[in-house]
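All remarks here apply to the structure that follows.
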Amino acid sequence: MLAAFMKTIFALSALGLLSAGALITVGASKAGPVKATYAESVAGILNKNCVSCHRPGEVAPFSLIGYDNAKKYAAMIASVTKQGVMPPWKAVEGHGEFKDAKRLTAEEIEILGTWAKDEAPRGDAKSEPKAPEFTSAWALGKPDLVLSSKTEITVGPEGPDEYRNFVLENQSSETRYVTAIDCKPGNRKVVHHLVVFVDGSGVAKKRDAADKDGQEGYTTFGGPGFNPVGILGAWAPGYNVRHTPDGTAFELKSGQTMVMQIHYHRSGKTEKDRSELGVYFTKTKPAKIARFGIFVDPTLQITPGEKSFRVTRSFKIPAEMTMYAVMPHMHLLGRVMKVDAKTPDGKAIPLIYIKDWDFNWQMQYEFKKPVVLPAGTVVTVEAVFDNSAANPRNPNSPPKLVTFGEETTDEMFVLLFTQTSALDQPFFEIGSGR
Ligand code: HEC
C-alpha cells in the first residue's frame, strides 16, 4: 500500500519559476489623480516586469516592446494587472518574503489603468526609456556540463500543453555537487518552463523505452512518472539563475540520472525545439547538502460539487532545518494554498500564501533570507479545491469524486521545499485523514 502511495507521491511537478528584477517605483503624486504617459511611467513598468516574456520569439503571445505594441494592448494590460494575473507571481505579499518578487505596486497598477482609460497617451517620445537588452549567453558563465535531447522535438500546433521528460546521458563515476542549472531554450515560443529531476531507480529509462509516440522522451502530466531522489532546480523565462547559497549544493551520485522535464506551451503553429541544459558543479564537497523536502496527502478525496473543499494538514520538523525555497503543487481544482510554521516556543512564521492558484504558473519561491525552523516546529498546510461545475478549469463535467494521482483528472496536495538539515536525507512526510 505504502509503496503504491510513494509512487504517486512523487508525481511531483512542474515547479515553474520566475522572477526578475526588483520592482520600480514610479513618481506619481499621492494627492491628485494620477496622470500617466507611456514615456514617463508606463514604458518603465512594462520594461521591468513584462518584456522578458513579452518580446518577439518569447513564450508570451505578443510583444510589449515599444509604444505601438503597448498601446494596442492598453486595455488588456490594465485588466490583467488589476486582476493580478500578470506578471505571473502568485505569492501574496506579506506572507513569506521572497527574492525577485515580481509584483506590481498598487500605484503601478493604477498608472496602467489610468493610462488605458486616457487612451494611452505617449508623452515625450524622446524621453522614452529603451527596452532592456537580453543576452543569449549563459548568465553564470560557461556551464561545467551542457546536456540536451539527442533529437529535435516537434511540438504540434494545437491540443493540451505537453510535459515531455528527457532522460539525459550524464553518467559519472563520482558523486558531483550541483550549485545551479540554467537553460537555453531551443525555441522560446513553446518552452514554458522546465524542471530537472534525479532518478536513482532506472524507471525513467524504462518509461522512455516504453513510450512509443515516435519522439524522444516520454510524456506525463506534471509529475515525472517516477519516484525522484532529488530535484536539481527549475527554470522559466525571466528567471534569475543563481548558485545555491555558499556552503550548500545538491548531490548527484554516480549512477543517478538527470531527467529534464520540459513544459511545452503550444503556439498555434508546428514548432521545433531542442533545448540545452547547463549544469554547474562545485569541485569541493559542500559543508551542507541541499535536499528536497516533500509533504503530501495521498488520502485526498474531493467531494463532487463542492466549491470550497478545504484540507488542513500539519507535520512536525524532527531536527533543525533551514528552508531555502518552497513550491506548492496542485492540479486543476486547486485554488488556495497557505503554509505557516509555528516554532515550539510559539513563534508564528508565515511561509507562503497563494490565493489564486494556476496550474500553468507553478513556481519555486526562494526566500529572501533562508528560514531556520527549530526541531519540533509544526508546519501547517491549508488548501482549498473547487470541485464545482462553476469552476471553468474542472476537468470533469459533471464534477466527480477526485482523488490523489498523476492524471489530469486527479488532484495533488503537495508542498515541496529545498532544505538543509542534520537529517542528512531528503525529508518526506505523509499526511492523512480529512
Ligand atoms: C514569465 C513570463 C511573463 C511575464 C513576466 C509577463 N507575461 Fe503576460 N503572458 C505570458 C504568457 C505565457 C501569456 C499567455 C498565456 C497565459 O495567459 O498564461 C501571457 C498573456 C498576457 C496577456 C493576455 C491575457 C489574455 O487573457 O489573453 C496580457 C494582456 C499580458 N500577458 C500582459 C502582461 C503584462 C502587462 C505583464 C507585465 C506587467 C506581463 N504580461 C508579464 C507570460 C508573461
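A few comments on the model shown:
- Residue-wise HN-Hα couplings along the range 345-352, as the Karplus relation 6.51 cos²θ - 1.76 cosθ + 1.60 with θ = phi - 60° gives them from phi, are 8, x, 7, 8, 10, x, 9, 7 Hz; Gly and Pro carry x.
- Most mobile listed residue (Y264, Y73, Y38) in the chain, GNM with C-alpha springs under 10 Å: Y73
- Sparse packing (at most 15 other Cβ atoms within 10 Å of the Cβ) combined with a DSSP loop state is found for the following GluC sites (Glu not before Pro) in the range 37-97: E93, E97.
- Helix axis angle, 106-117 relative to the chain longest principal axis, alpha carbon, degrees: 50 degrees
- Each label was represented as a point 7 Å from its Cα along the Cα-to-Cβ direction; for H265 and E97 these points are 3.0 nm apart.
- Electrostatic bookkeeping for A341 treats Lys and Arg as +1 and Asp and Glu as -1; over the other residues with beta carbon under 15 Å from its beta carbon, the sum is 0.
- Loop-located trypsin sites (Lys or Arg not before Pro) in the range 173-221 whose Cβ has at most 12 other Cβ within 10 Å (DSSP): K212
- Other-chain or far-sequence residues with amide H under 5 Å of S149's (modelled H): S275
- Across every pair of non-identical alpha carbons in the chain, the mean reciprocal distance, once inverted, gives a Kirkwood radius of 22.8 Å.
- Cα-only radius of gyration and Dmax that characterise the range 137-286, units Å: 15.1, 47
- In order along the range 217-222, phi translates into HN-Hα couplings of x, 10, 9, 9, 10, x Hz, rounded to whole numbers, per the Karplus curve 6.51 cos²θ - 1.76 cosθ + 1.60 with θ = phi - 60° and x for Gly and Pro.
- Note, ³J(HN,Hα) from phi for the range 74-80, Karplus 6.51, -1.76, 1.60, rounded to Hz, x at Gly and Pro: 3, 5, 5, 4, 4, 6, 5
- Proxy reagent accessibility, fewest Cβ within 10 Å first, across S421, S397, S314: S397, S314, S421
- Using bins of 10 Å that start at zero, the share of Cα-Cα pairs per bin across the range 290-430 amounts to 12, 42, 30, 14, 2, in whole %.
- Largest GNM mean-square fluctuation across D211, D182, D410, computed for the chain with C-alpha springs under 10 Å, falls on D211.
- Taking every DSSP helix (H) stretch of at least 4 residues in the chain, weighting each as -39,500 (n - 2.57) and dividing the sum by the residue count yields a mean residue ellipticity at 222 nm of -3000 deg cm²/dmol.
- Sequence-separation-based contact order of the chain, relative, with Cα cut under 8 Å and 6+ spacing, percent: 22 percent
None of the figures in this text is laboratory data; all of them are computed from the coordinates on show. Because the structure is predicted, anything quoted here is derived from the model rather than measured. Virtual Cβ from ideal backbone geometry, glycine too; neighbours counted across all protein chains shown.
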